[in-house]
Amino acid sequence: MHYNYDALLEAAGEMEQYSGYLDGDDLKASQQVQANFAGVRNRFVYDALATGDDPEQIKANIVSDLDTLAEENPGWAGPAYIVRDELVARIEQESQKNPTWRKVVRYTPIALGVIAVAAYFGVKFYNDVDLSDPFESRAGVVARAEALEKTLRHDDWASTRSRRGGFIKDILLWPISPSDAEVNAAMQVAGFAFDAQEFMRSQQAQCNYTGATYGEELTERERDYLENYSARLQSETVEWDEDPQFTMLVVAADTLGCPPIDRSMFELPEQDVPEEATQDEPNA
């Protein structure tokens, strides 16, 4: 085989145990298993792309390896096909991205941060923030930071400032209620913020981290981090790099009180270039 799939196959096997209608503890366990699989998958894809090999060849190797595994070990066919399809789709997606983004994602806990935000902000109403620009653009990042700010503000008012009122409270909070699209946009920025934190931790940078693990709900420190991060991304004083995602990382590091980001962190490994075995000798 071209790669080691053991961790991915194990994680995929755990996901197969959760199917159909889930609620309560099973739903929470399923989310944790999916988050674990996504984290292992992201790291696998980053490492595969970091070699500099052609993405199409990487995908072909993966398909060959896992199809062969499924044929030779029918009991593992289900997990093998899950891993194959997930890796091929992810490599297709990630190969289009720049090294900055890929390297940050390499260290994500996947965004157990994203799952925490998803569970924490399960609200939906009308749309207000213009989200037409792509996430990879400066305007798209700023808009999503605004959506995160709006979502945090709504949650704060709904859960801590208004403990009574029921239907009347919902009406009063309607003007600041985020839509589905805004919640999803908020999750993108929040997920990147938590991924950036894990990346800085992997670099052993001295920062004011929010904590070592992520729970189902945001802690006060995590909330403060996201609030400050979203506000800084919207500040007119931000100096934007030509790569908006690099700026997002710089702002995250600054929000956490980390040392300045060095671009050398994102240099991909140099590839070995074989020397020519022989050289033409000069004519006698």
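Things worth noting here:
- The stretch between Asp53 and Asp133 holds 25.7 nm of extra length on full extension. This uses 0.36 nm per residue minus the Cα-Cα distance.
- Counting 0.36 nm for each residue step from Glu220 to Tyr3 and taking away their Cα separation leaves a gain of 74.0 nm.
- Segment Ser95-Arg153, length gained on full extension (0.36 nm per residue, minus Cα span): 17.3 nm
Only the coordinates and a few stated rules stand behind these numbers; no lab work does. A quick note: this is a predicted structure, and the numbers were derived from the prediction, not measured.
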